[in-house]
Amino acid sequence: MTPEEFGYVRPSSLAEAVAALAQPGAKLLAGGQSLLPLMRLRFAAPKTLVDLQDVAELRGIEARGEEVRIGAFTSHVDVAAGAPWQALREAAEQTGDRQVRRLGTIGGAVSHADPAGDLPAALLALGARVELVGPEGRRSLAIDEFFVGPLMTAAQENEVLEAVFVPAEGKGSGSAYRKLRQEASGFALVGVAARLRLDGAGRCVAAGIGVTGVGFTPYRARATEELLVGTAVSDVEVEKALGAIVQDIDVASDAYASAEYRAEMCQLFGRQAIAAAKAQARS
Amino acid sequence: MIIELTVNGRAVRRDVEPRALLVDFLREELSLTGTKIGCDTSQCGACTVLLDGHAVKSCNMLAVQAQGRRVVTVEGLRDLVPENVQQEGLHPLQAAFWNSHALQCGFCTPGMLMSACDLLSENPDPSDEEVRHGLEGNLCRCTGYEPIVFAVQQAGKTLREAGLSPLGTAREGVRE
């Protein structure tokens, strides 16, 4: 179906984009791989689309001190090829399909805030943050404060998500993303991203666990993280930590998977992600 | 609004509504009906075209987004390679699909060809698994995919022997 009528502007700078977004009913268009399907089904009908493809400030991956900045308009293909952290690259590579990954962007995927999105799980595990720019200036928000509900974020309607920042990969670090695909849609029935940092003796000094497809929003499994820190990440210790992975979560149940099955799959895919992150951290 | 772009090597200038999808623009405005509309949910990939040399779904993109860019549809596929590499007027990918019976009803074929073109330009010699992963955005309801995977690999072989990428650019060091 053809979307409802709308106006179209193509700003060439971030300042112009912020100004265009201030118009009532305006919405940002990045890769369009989530927004255009919604507009075609007429679930969304913005008055104006602000196409970000010419905004250079939103492009590219670069080191910034202790962090790596990933511009919001960076495509999944480019994240899969050039982002730090294996978990992030694996999540990008498992998002959508080849054509979707070419046009779809990290900023778009994060802003769409699908409760089963792949990239959010990896970004949560990495302890990423986002920078938003609006008429009142710039602000930074931790990624776990960004997802507030299904398809809902903490961004204001007049703010542009400019970039995602992830910590630089330190020595002894490793990460991975493992996912159970819904075969028809490719979305995660369950997806778990793990990040570990081990000291010279193989003891876990930092852990991040991001889970998608399971709760109301993608979330950070903090209880599991806490149970991993200080351990040698042995099978028994991992088992115990994963016992808390759906703690305080209202686990989703639908035609594809019951809550019980999802919780069980969190254990399985969590175990795989942690094992892969551990192997990397040691190498 | 007025857009200018290149379609199959030709400069095109047209007045379009912002809401026109690229696939509708190609089919209705330019009469390039080789690009198909197979679903309404951006899942089937029958509408796949090349945008600046990469496969994208033209149903999931606005015509205005293609302003200033290069689009190749299945009608322009064979002209990407020189005539001496074409087989009876077909691109090696089209010839391989023909020779391997990699289609039954043929509706998904244009999209399969364009996705395969993108895949082979990145990976000249893909394994079965790599072809399947590369074509996961294209659905075929007839063939069961086996002959499609085979055809893509055959086309890859032909192109390697010719020292060419499927986009027609010379490829060093892959000639067998």
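As an exercise, identify the GluC sites (Glu not before Pro) in segment A:104-181 lying in DSSP coil whose Cβ has no more than 15 other Cβ atoms within 10 Å. The qualifying sites are A:GLU136, A:GLU157.
For A:VAL160, nonlocal amide neighbours, meaning residues 5 or more places apart or on other chains whose placed amide H falls under 5 Å from its own, are A:VAL133, A:GLY134. Sorting B:HIS91, B:HIS101 by accessible area puts them as B:HIS101, B:HIS91; the probe is 1.4 Å, largest comes first, and only protein heavy atoms count.
Figure note: A:PHE147, B:PHE107 ranked by solvent-accessible area, largest first, 1.4 Å probe, ligands and nucleic acids not counted: B:PHE107, A:PHE147. Using the 1.4 Å probe convention, the accessible area of the protein assembly as shown works out to 43 Å² per residue with neighbouring protein chains retained. Here A:LEU29 sits with roughly 0 square angstrom of accessible surface, probe radius 1.4 Å. Packing, taken as the mean count of other beta carbons within 10 Å per residue, orders the peptides B:134-144, A:197-207, B:44-54 from highest to lowest as B:44-54, B:134-144, A:197-207. Local charge sum around A:LEU268 (other residues, Cβ-Cβ under 12 Å, Lys/Arg +1, Asp/Glu -1)? Surrounding charge for A:LEU268 is +2. Loop-located GluC sites (Glu not before Pro) in segment B:1-87 (DSSP state not H, G, I, E or B) with no more than 14 neighbouring Cβ atoms inside 10 Å: B:GLU83.
Shielding by partners for peptide B:52-63, expressed as the average number of C-beta atoms from other protein chains within 10 Å of each residue's C-beta, is 5. If R0 is 22 Å, the Cβ-Cβ spacing of A:ALA168 and A:ALA201 corresponds to a FRET efficiency of close to 0.45. Legend: mean number of C-beta atoms from other chains within 10 angstrom of residue C-beta atoms, peptide A:110-116, equals 0.
Accessible surface comparison of A:TYR219, A:TYR256, A:TYR177, B:TYR145, probe 1.4 Å, protein chains only, largest first: the order is A:TYR256, B:TYR145, A:TYR219, A:TYR177. Ligands, DNA and RNA excluded, the heavy atoms of A:VAL148 present near 80 Å² of accessible surface to a 1.4 Å solvent probe.
The values are calculated or read from the model by the stated rules, or taken from the named source; none is laboratory data. As the structure is a prediction and not an experimental result, all values here were calculated from the model. FYI the Cβ positions are ideal-geometry reconstructions off the backbone, even for glycines, and counts take in every protein chain you see. These accessible areas exclude ligands, DNA and RNA; they are computed on the full protein's heavy atoms, side chains included. Shrake-Rupley method; radii C 1.70, N 1.55, O 1.52, S 1.80 Å.
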